[in-house]
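In what follows, a structure is listed as structure tokens, so that the remarks can point back to it.
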Amino acid sequence: MNILQVMHSMVRLATPILLIAMGGLFSLKVNIFNLGLEAFALMGCFSAVAATYITKDLLVGCILGIVFTTIYALIYAFFVIELKVNPVICAIAFITLTSGLTRFLMKPIFGTSGKIILESRFSLRPISIGLLNKIPIIGPILNNQTLIVYIALISPIIIYFLLFKTKFGLFVRAVGQNEEAASAAGIKPRIWKYIGLALTGIFCGLAGAQLSMSMNLFNVEMTAGRGFTALAVLIMTKSNPIIALFASLLFGLADAISNVLSTEGFPPQFLGMLPYVLALIAVISPTMAKLISERRKRRLGLINLISDKEGMIKKQSTE
């Protein structure tokens, strides 16, 4: 097993999860629990491939894919914000709708069903950065990735700065924490919720473009639960964009290892569980460490208490 090659694949495989998580983060920050990330990412995949197929231009196809996904997210926002539909119920409806809609549109657009493979000239090309070649270990891992991968890697830093160092982030967090107080301060929660869900659509569209156009194909249900994985990342990291980057890389590493082990004859059922087992370990580890630390402190406190009592008894006996 080539470790550097596995780490290189880890970054590529983590990118869709990371981008979806960054989009979902904005939904959570405006106090909308958006279970529909899977639907938006799938729509991003389909619309990027469909737009590229129709326009015969990769760049235009990716841009249109992001635009269509953003519009799709804003339709969800309309139902949730204006019509007051429960966000979770609405998200489940969108997931079902997107699955059926993409299946239905395959035939009239591509003339086929189930799967469409575009010409190789339409695939996202890896970019070779000469400076990275001079950096040992990190260079081979980060070099020769697509442009969207590099956008994904820097997005957590930019989002962290926007959320915690700018007025934009203050308004977003204010709406998410207390709508009434934000409204009293002159902030319009309704507008900022639309902005949050629009950003969700943009990042999910980027994720869909990376996932589909890096392989220049669309396959039914090709997101394969990445939207739910991204939601798990957000819950694990308490919506911290920097920590979410590392959590996404953890899932990417699990996928990369699974791909390598699948060529060694390991059962695919076991390998499919690996990312979620690692996620479960990552979630449990802090709690277990805290419990062990508390038990150790209680034990030490008990030992000290016993020692103090023994010392008092000895002192009384000598007196």
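The values are calculated or read from the model by the stated rules, or taken from the named source; none is laboratory data. Everything numeric here is computed off the predicted structure, so don't read it as measured data. Virtual Cβ from ideal backbone geometry, glycine too; neighbours counted across all protein chains shown. The area values use the complete protein model at the heavy-atom level, side chains included, leaving out ligands, DNA and RNA. Shrake-Rupley method; radii C 1.70, N 1.55, O 1.52, S 1.80 Å.
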Discussion item. Please go through (1) closer than 20 Å to G225 by Cα; (2) open to solvent by 90 Å² or more (accessible area, probe 1.4 Å) for E264 and return the number of the only condition it doesn't satisfy.
Written reply: (1)
Worksheet item: Taking the range 241-261, which residues are out of contact with any Leu (no Cβ under 6 Å at 6 or more places or on another chain) and among the small types (G, A, S)?
Response: A244, A247
Worksheet, complete the sentence: From the option list F164, F168, single residue qualifying as free of Cβ contacts under 8 Å to residues at least 60 places away in the same chain, in contact with a helix residue (DSSP H, G or I) (Cβ under 6 Å, 6 or more places away or on another chain) and not basic (K, R) is F168
Worksheet item: Applying the selection to the range 267-278, what residues are over 19 Å from A230 (Cβ atoms) and out of contact with any Leu (no Cβ under 6 Å at 6 or more places or on another chain)?
Response: P267, P268, Q269, F270
Practice prompt. For the range 292-313, state whether one or more residues are at pLDDT 70 or above and under 30 Å from A254 (Cα atoms).
Written response: yes
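What's the total number of residues in the range 234-246 that are modelled with pLDDT under 90 and among the aliphatic types (A, V, I, L, M)?
2
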Worksheet item: Of all residues in the range 234-249 being more than 11 Å from G24 (Cα to Cα) and among the polar types (S, T, N, Q), which is surrounded by the most Cβ atoms within 10 Å (Cβ to Cβ)?
Response: S248
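Go through the range 7-41 and count every residue that is open to solvent by 10 Å² or more (accessible area, probe 1.4 Å), hydrophobic (A, V, I, L, M, F, W, C) and closer than 25 Å to V260 by Cα. Full working, then the answer.
We begin by selecting, within the range 7-41, every residue open to solvent by 10 Å² or more (accessible area, probe 1.4 Å); these are 7-10, 12-13, 28-29, 31, 33, 35, 38.
Adding the requirement that they be hydrophobic (A, V, I, L, M, F, W, C) leaves 7, 10, 13, 28, 33, 35.
Of the ones still in play, those that are also closer than 25 Å to V260 by Cα are 7, 10, 13.
Adding up the residues that qualify gives 3.
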Worksheet item: Among the numbered criteria (1) exposed (fewer than 12 other Cβ atoms within 10 Å of the Cβ); (2) within 24 Å of I242 (Cα to Cα), which single criterion is violated by A152?
Response: (1)
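What residue, of L4, L18, is more than 29 Å from G169 (Cβ to Cβ) and in contact with a Pro (Cβ under 8 Å, 6 or more places away or on another chain)? Step through it out loud before you land on a result.
Values: L18 fails: more than 29 Å from G169 (Cβ to Cβ).
The unique qualifying residue is L4.
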Worksheet item: Taking into account only those residues within the range 228-272 that are not in a helix (DSSP H, G or I) and not acidic (D, E), which is farthest from the chain's Cα centre (by Cα)?
Response: G265
Worksheet item: Of all residues in the range 102-132, which are open to solvent by 60 Å² or more (accessible area, probe 1.4 Å) and either modelled with pLDDT of 95 or more or closer than 14 Å to V220 by Cβ (or both)?
Response: R103, F104, K107, S113, K115, I117
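Which of the residues spanning the range 222-276 are of a type in the set (V, I, T) and more than 22 Å from F203 (Cβ to Cβ)? Write out each step before concluding.
Narrowing the range 222-276 to residues of a type in the set (V, I, T): 223, 229, 233, 235, 237, 242-243, 257, 260, 263.
Selection gives I257, V260, T263.
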Worksheet item: Applying the selection to the range 135-164, what residues are of a type outside the set (A, V, I, L, M, F, W, C) and within 20 Å of the chain's Cα centre (by Cα)?
Response: Q145, T146, Y150, S155, P156, Y160
Response to the item:
Among residues of the range 181-218 being surrounded by fewer than 18 Cβ atoms within 10 Å (Cβ to Cβ) and not aliphatic (A, V, I, L, M), the residue farthest from the chain's Cα centre (by Cα) is G186
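Looking at I137, I148, I116, which is the one that is touching a Cys at 6+ places or on another chain (Cβ under 9 Å) and touching a residue at least 24 places away in the same chain (Cβ under 8 Å)? Working first, answer last.
Values: I137 fails: touching a Cys at 6+ places or on another chain (Cβ under 9 Å); I116 fails: touching a Cys at 6+ places or on another chain (Cβ under 9 Å).
Result: I148 is the single residue among I137, I148, I116 that is touching a Cys at 6+ places or on another chain (Cβ under 9 Å) and touching a residue at least 24 places away in the same chain (Cβ under 8 Å).
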